[in-house]
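Undergrad: I'd like to ask some things about the structure below.
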Ligand SMILES: Nc1nc2c(c(=O)[nH]1)N[C@H]1C(S)=C(S)[C@@H](COP(=O)(O)OP(=O)(O)OC[C@H]3O[C@@H](n4cnc5c(=O)[nH]c(N)nc54)[C@H](O)[C@@H]3O)O[C@H]1N2
Ligand SMILES: Nc1nc2c(c(=O)[nH]1)N[C@H]1C(S)=C(S)[C@@H](COP(=O)(O)OP(=O)(O)OC[C@H]3O[C@@H](n4cnc5c(=O)[nH]c(N)nc54)[C@H](O)[C@@H]3O)O[C@H]1N2
Ligand code: SF4
Ligand SMILES: [Mo]
């Protein structure tokens, strides 16, 4: 008698990658008999067309689905802080313990001593935003998330254009003659945009970056600029554009304020003069102006661009290009810094219920986080969710020491036992994006994308939003908003998009565009500034941000002899620190590595493969040197932010980040760090 084996039932479900990534790829999950068999790219998705990036292909089929790597139950600390010794606990017990620590803060009116820090661990709208309701109602001190990433750029664009959350619709490229990518690296940080969109771009592509990234190498023109000199480059481009009669004075007069002040500065910066500051041949500046001036032209301002001491001023200066040439409000034009949910009708606050705030304290910058944690009167408790600040934040040694305070009660909500979770008193296990329904609003393409539950929550883990609902209940908080369910929130969110799409329909489609035709950025040329115009110059820049009223031609000097400017951009293999625990990814990353130019290697006596010490103040990181012709002289590259535990030194590049801040919004200037670099003898 033949044994009848029932046929295996294979099915596919669509979802979306909710990492903090421009691409927001469509995902096709293959299920065998209802169990996840593979997580792959969705062949129907217009951005990624069937593939996932290499890091997600490995991690989503590796550590993210490995039950032995995931946090399974709440954990309560038993050992010394930082040692990572815990014992499992029930949700009831863990929440009771947290409530017993937070309750007294509220009783004594000391809610501000609960610090809370979070970021884009997941970009599912609900799992990213809903927990804010809890903190708004409770009244803790928020560590402003963007101060470790993009805040300087947001702050200046908000004053200039009234919003920083409205960018070009990538579909408008079909009408464009030129794309200028300024300080972004799609080949790492938006790999499918690089692979497809950029390749299909119909006009000229110009990249301004100190590194010859893959995107730069593939562009028609790469301006390999000296870091921190971008404002001068912007003025030189404006100079060359004026000479080509590419200024649109009618547009400037009608739609902007303060352009004449800038025109005076432009006069000073011929491409020849700027060339000496920026390290870029004058002819290349002229050529870039010729491409951009031919228009219609688009500008993509990266986030790496503004992590500089002069980052706010730099973004202001770069954003002058579309304004002076009238490349705004027409097909094929515009600029992109970040496309917020607003471009799809969903305001950022939609899910955060800011009305629950009552005299909440002023938020703090990430650059003041370690110092606030050192002070027991400033910080009695800490909650971390969607973030791994020990790996990603500034002042790594100081932060770790402060987190080891016995009298600081720390809760970490995580999928994995990260370097930050090691310092927790209570670890709460979060469900992954594969385990809950949500909506993703990508920050490049203006899609509305599904996040669909394709598997049950791993062990006892729960989605962020449910964890914070339960915590509110444990604290007896009365506000109804703290308990709204996903079944109420998701349809309301989809309603706000005005597309009429239902969640059921989105599950079958994966992603839909915000509108049938490309959306026009600033179509009505109305700007949400006090004047209703683009405010190039305004006293508000001084009063609100401490910048000059007009964009300035300030620039950094090259580092002093023996030092290199340390840039720590996106790695191909990590998403900030995420995936730093995946064994296959660890094998790809290898030991800590610093990339230097062949010229600097000769000057500094550092050979290929040498062990070198990068130093700043009392801190150091030992790396293996690699020579790379991609890197400009004077620059060292160490990619951000592997897990500390994966390195025998228990450190990563952020040990060298001495809390350097940009000129605006107390935002990070991690790309302005200057390090001493010396060979290690004997070999490390
Ligand atoms: N040297 C240097 N450092 C940098 C940068 C740099 O350029 N150079 N860049 C900075 C930038 S741009 C940023 S944005 C920051 C980012 O820094 P972080 O905010 O620390 O981002 P990640 O390292 O990705 O950590 C996110 C964590 O969220 C967890 N997570 C994922 N999904 C969920 C979920 O559903 N729920 C919960 N609770 N957790 C989840 C992941 O496991 C991960 O540990 O790093 C900054 N650090
Ligand atoms: N693979 C991968 N993708 C990611 C991330 C990741 O960690 N890994 N992180 C995600 C996050 S949180 C963010 S915020 C985005 C960031 O995405 P991007 O905006 O692309 O930011 P970075 O990779 O930090 O830096 C981009 C480029 O800025 C250049 N740069 C540095 N200093 C200067 C300067 O002074 N002038 C100019 N012109 N260029 C400069 C760097 O050389 C680098 O090539 O990427 C997201 N995507
Ligand atoms: S991290 Fe970015 S490139 Fe990789 S799968 Fe997710 S969205 Fe796509
Ligand atoms: Mo970021």
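Undergrad: Have a look at 196, 120 and point out the one that is touching a residue at least 12 places away in the same chain (Cβ under 8 Å), within 16 Å of ligand 3 (Cβ to nearest atom) and more than 19 Å from the chain's Cα centre (by Cα).
TA: On the way: 120 fails: more than 19 Å from the chain's Cα centre (by Cα).
Answer to the selection: 196.
Undergrad: If I go through region 22-35 residue by residue, how many of them are more than 16 Å from ligand 1 (Cβ to nearest atom) and buried (at least 18 other Cβ atoms within 10 Å of the Cβ)? Full working, then the answer.
TA: Kept after step one, since they are more than 16 Å from ligand 1 (Cβ to nearest atom), are these residues of region 22-35: 26, 28-35.
Then drop every residue that is not buried (at least 18 other Cβ atoms within 10 Å of the Cβ), which leaves 26, 28-29.
Residues meeting the conditions: 3.
Undergrad: In region 1-21, which residues are touching a residue at least 40 places away in the same chain (Cβ under 8 Å) and away from ligand 1 (no atom under 16 Å from the Cβ)?
TA: Residues of region 1-21 touching a residue at least 40 places away in the same chain (Cβ under 8 Å): 13-21.
Result: 13, 14.
Undergrad: Got a number for residues in region 11-34 being at pLDDT 95 or above and more than 19 Å from the chain's Cα centre (by Cα)?
TA: Of the residues in region 11-34, 12 are at pLDDT 95 or above and more than 19 Å from the chain's Cα centre (by Cα).
Undergrad: Kindly check whether there is at least one residue in region 24-38 that is more than 23 Å from residue 125 (Cα to Cα) and part of a loop (DSSP other than H, G, I, E, B). So that I can check it myself, show each step before the final result.
TA: Let us first name the residues in region 24-38 that are more than 23 Å from residue 125 (Cα to Cα), namely 30-38.
Remaining after also requiring part of a loop (DSSP other than H, G, I, E, B): 33-34.
The answer is yes; a qualifying residue exists.
Undergrad: Next question. Can you tell me how many residues in region 601-614 are surrounded by 13 or more Cβ atoms within 10 Å (Cβ to Cβ) and in contact (Cβ under 8 Å) with a residue 60 or more places away in the chain? Before you say what the answer is, go through the steps one by one.
TA: If we filter region 601-614 for residues that are surrounded by 13 or more Cβ atoms within 10 Å (Cβ to Cβ), which is where we start, we get 601, 603-604, 606, 610-614.
If we keep only those that are in contact (Cβ under 8 Å) with a residue 60 or more places away in the chain as well, we get 604, 606, 610-614.
So the answer is 7.
Undergrad: Looking at region 39-64 only, could you name the residues that are assigned to a strand (DSSP E or B) and more than 16 Å from ligand 1 (Cβ to nearest atom)?
TA: Taking region 39-64 as the starting set, the residues that turn out to be assigned to a strand (DSSP E or B) are 39-41.
40, 41, listed by residue number.
Undergrad: Would you pick out the residues in region 22-51 that are on the phi > 0 side of the Ramachandran plot, away from ligand 4 (no atom under 16 Å from the Cβ) and touching a residue at least 60 places away in the same chain (Cβ under 8 Å)?
TA: Of region 22-51, the ones on the phi > 0 side of the Ramachandran plot are 24, 33-34, 49-50.
Filter once more, so that each one left must be away from ligand 4 (no atom under 16 Å from the Cβ): 33-34, 49-50.
Listed by number, the list holds a single entry, 49.
Undergrad: Would you say residue 68 is within 16 Å of ligand 1 (Cβ to nearest atom) and under 30 Å from residue 419 (Cα atoms)? Quick ask: steps written out before the conclusion?
TA: On the way: within 16 Å of ligand 1 (Cβ to nearest atom): yes; under 30 Å from residue 419 (Cα atoms): yes.
Answer is yes for this residue.
Undergrad: For region 441-511, list the helices (runs of 4 or more DSSP H) that sit wholly inside it and hold at least 1 residues that are under 21 Å from residue 49 (Cα atoms) and in contact with a strand residue (DSSP E or B) (Cβ under 7 Å, 6 or more places away or on another chain); which are they? Spell out how you get there, then give the answer.
TA: On the way: elements: 464-474, 486-496, 503-509.
Output list reads 503-509.
Undergrad: If we keep just the residues of region 380-433 that are assigned to a loop (DSSP other than H, G, I, E, B), farther than 28 Å from residue 62 by Cβ and touching a strand residue (DSSP E or B) at 6+ places or on another chain (Cβ under 7 Å), which is farthest from ligand 3 (Cβ to nearest atom)?
TA: As a first pass, look at region 380-433 and keep what is assigned to a loop (DSSP other than H, G, I, E, B): 380, 386-388, 393-395, 404-408, 415, 417-420, 424-425, 431-432.
Next, from what is left, pick out any that are farther than 28 Å from residue 62 by Cβ: 380, 394-395, 404-408, 425.
Checking which are touching a strand residue (DSSP E or B) at 6+ places or on another chain (Cβ under 7 Å) leaves us with 380, 394, 408, 425.
Numbers: 380: 36, 394: 24, 408: 33, 425: 31 Å.
Only one residue fits best here, namely 380.
The values are calculated or read from the model by the stated rules, or taken from the named source; none is laboratory data. These numbers were taken from a predicted model, which means no experiment stands behind them. With ideal geometry, Cβ positions are generated from the backbone for all residues, glycine too; neighbour counts draw on all protein chains shown.
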